[in-house]
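Chemist: Just dropping this structure here.
What follows is calculated from the coordinates using simple rules that are stated; it is not laboratory data. Computed from a predicted structure; not experimentally measured. As a convention, Cβ positions derive from the backbone with ideal geometry for all residues, glycine included, and neighbour counts pool all protein chains shown.
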């Protein structure tokens, strides 16, 4: 059990490509951190640097209070679960799980005992003598986790461990990972590009983009108060609606002429005359009466999901897409014009140029 | 693929049968000839059915009774020479090429690509092409008439290195990374992971290389003058020119059959691995 600190970590590849610009992250003992971002954002590179599979170009990396920059992966007291499981194909499940312990020089019966204990936790005892080839995807994933657990490491590292599983199994294993991590209370770093996985697993979420950290915090904080337009657009499904807007005097004009009154108009005054981006999540657009409407959505496509219905459409006189999420009980047809009202407490304003958040 | 075109089937069978005859007839003749007396050939017509002399021929050849082979050593001794040569070449080639492929794929060292390409271009330089300089080197090192001279110049193999390289490249990187995290150093990774995964490839290569080594003709002919180092393949040709006008076909064919046997045994025994090593990729 240990804290992990990344201080001013930079990574530049030999071809000059800067994968990580300046990463600072303090991970607490027993915390589950999820690194999330689009592909190529540097999340995997960061994880591999913690593992020691990739050298850091600059900065200090601590696990516990030990600087581990120059330690071999095996000396860092970490365990890693790979996307493709990386099980040794010619070894039985038991030997796969015990291989690390064997290399540590542990006596055979102790290895056997530890492997069996881990197998019990993961409910794979009956598979111990099988070869990886004979297992299903989910079972292989369990073995890969067993190999990590058995070593009782200070830090678990997960590199997109669920990407190769089908949707149903993914949900199941997600819960399993959460349960195990809480049970063992081991510090964990988890990399994924799937924002649902990220939101559900994380104690704290790190959203990365282009080798930089965009925002760090508890998942709901990031969801409710994204610091940048990127974070706002990345988290949540379907994604946030963005519209060009302008502040004029004390009024907020969205998409040209849609005037939206805010409760705290005084706050807006300081950005008078500035171009901004207005953001609102689909579920914060509420169907309302004509009189209250901020927007009129002309519905092009309807996705009834049961509990909710997604309306895809555009504002009259504009061709930019807008999505609204409505309770599933009401029926819509294509071509409907739905009056919508923006939830005043949950709208987001970003600077059009810097893409930084403006409103509180 | 299911097709029902009778004439195509007929053509296919015809081609197959012709192929079998072309391949099979010489073997048939060799087998038949090895069981006849030398007198059966005097008429100039090849006998097409087995004679009575089979066991006797094999005994005479294997023990070189009455110098039937025209040299001072027996066929059994020459087969032993061939066996040593084939084994050393096969095992040597596999050992060297698996290690060099391991180095090329898993280590980052200066001129790694250059090394690979240097190994690769030796494909263009088989023994036959570099035979004079190689002879010079072997002679200067005093390795003429020795097992070392017979085998060492043939051991380096670009083909096998290339095959192992391709196989290693197909193994996911994460396997090597998992082994690193599990505390396995490079040689331990090689021994515990790479070698067991390569078993099928090694077996397939062994079959090919054993036969390659066994069938060597030119090289042993060139560097051996001492009869004790003659190989079985060499002596067949000698027999055809040694006879005083009367070519001893029964003895030649007996020797030929003997020379064919070990490769056949190797192929039969290792057939299963051979096919698997060439076809199947471990997932």
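Chemist: Starting from 0.36 nm per residue, how many nanometres of slack lie between residue A:296 and residue A:248 once their C-alpha separation is accounted for?
Modeler: 15.1 nm
Chemist: To continue, here is another question. Treat the count of other C-beta atoms within 10 Å as a stand-in for reagent exposure and order B:82, B:170, A:163 from fewest to most.
Modeler: Values: B:82 26, B:170 10, A:163 13.
Listing B:82, B:170, A:163 from fewest to most nearby Cβ atoms yields B:170, A:163, B:82.
Chemist: If you take the beta carbon distance between residue B:56 and residue B:228 as r and set R0 to 25 Å, what does 1/(1 + (r/R0)^6) give as a FRET efficiency, to the nearest 0.05?
Modeler: The calculated FRET efficiency here is 0.45.
Chemist: Then there's this: Taking every residue in A:71-78, how many Cβ atoms of other protein chains lie within 10 Å of its Cβ, on average? List each step's numbers first, then the result.
Modeler: Numbers: counts 0, 4, 7, 7, 1, 1, 0, 1.
Neighbouring Cβ atoms belonging to other protein chains average 3 per residue here.
Chemist: Now, a different point. For residue A:360 and residue A:110 in one chain, what is 0.36 nm times their gap in residues minus the Cα-Cα distance, to one decimal in nm?
Modeler: 84.3 nm
Chemist: Still on this structure, I have one more. Could you order peptides B:126-132, A:142-148 by the average number of other Cβ atoms within 10 Å of their residues, highest first?
Modeler: In decreasing order of mean packing, B:126-132, A:142-148 become A:142-148, B:126-132.
Chemist: Listing A:322, A:97 from the residue with the fewest other Cβ atoms within 10 Å to the one with the most, what is the order?
Modeler: With the sparsest Cβ surroundings first, the list reads A:322, A:97.
Chemist: Here's a follow-up. Taking the Cα atoms only, what angle lies between the long axis of helix B:54-63 and the longest principal axis of chain B, rounded to 10 degrees?
Modeler: It works out to around 60 degrees.
Chemist: What residues of segment A:282-303 lie in the reach of a label at residue A:259, counting those whose backbone N is under 18 Å from a point 7 Å from the Cα along Cα→Cβ?
Modeler: The answer is A:290-296.
Chemist: For residue A:126 and residue A:179, what does the FRET efficiency come to when R0 = 25 Å and r is the distance between their Cβ atoms, rounded to the nearest 0.05?
Modeler: It comes out at approximately 0.80.
Chemist: Looking only at B:86, B:103, B:184, which one moves most when chain B is put into a Gaussian network model with springs between Cα atoms under 10 Å?
Modeler: B:184
Chemist: Still on this structure, I have one more. Using 7 Å Cα-to-Cβ label points, what is the residue A:331/residue A:65 separation (nm, one decimal)?
Modeler: 7.0 nm
Chemist: In peptide A:80-86, how many Cβ atoms from other protein chains are near each Cβ within 10 Å, on average?
Modeler: The shielding value for this peptide is 5.
Chemist: For residue B:238 paired with residue B:211, estimate the spin-label separation in nm (one decimal), with each label point 7 Å from Cα along the Cα-to-Cβ line.
Modeler: My value for the distance between the label points is 2.6 nm.
Chemist: Taking beta carbons within 10 Å but only from partner chains, what does the mean come to for residues B:178-191? Let's see the in-between values first.
Modeler: Working: counts 16, 7, 7, 18, 16, 12, 6, 3, 0, 0, 2, 0, 0, 0.
Rounded to a whole number, the mean comes out at 6.
Chemist: Most fluctuating residue of A:57, A:14, A:320 in a GNM of chain A with Cα springs under 10 Å: which is it?
Modeler: Maximum fluctuation in the GNM of chain A, among the listed residues, is at A:14.
Chemist: Neighbouring Cβ atoms within 10 Å as the yardstick, rank B:116, A:17 fewest first.
Modeler: A:17, B:116
Chemist: Can you show me the helix-derived [θ] at 222 nm for chain B, built from DSSP H runs with n ≥ 4 at -39,500 (n - 2.57) apiece and divided by the number of residues, rounded to the nearest 500.
Modeler: Counting only the DSSP helices, I get -21500 deg cm²/dmol.
Chemist: Can you list the residues of segment A:182-222 with backbone N under 18 Å from a point 7 Å past the Cα of residue A:29, pointing along Cα to Cβ?
Modeler: From segment A:182-222, the list is A:182-189.
Chemist: I've got another one for you. If I fit a long axis through the Cα atoms of helix A:137-149 and take the longest principal axis of the Cα atoms of chain A, what angle between them do I get, 0 to 90°, rounded to 10?
Modeler: 70 degrees
Chemist: So what's the angle, to the nearest 10 degrees on a 0 to 90 scale, between helix B:158-170 and the longest Cα principal axis of chain B?
Modeler: Value to nearest ten degrees: 40.
Chemist: Now a separate question. Between residue A:39 and residue B:18, what FRET efficiency comes out of the Förster formula 1/(1 + (r/R0)^6) with R0 = 51 Å and r the beta carbon distance, rounded to 0.05? Working shown, then result.
Modeler: Details: r = 57 Å, r/R0 = 1.12.
The value I calculate is 0.35.
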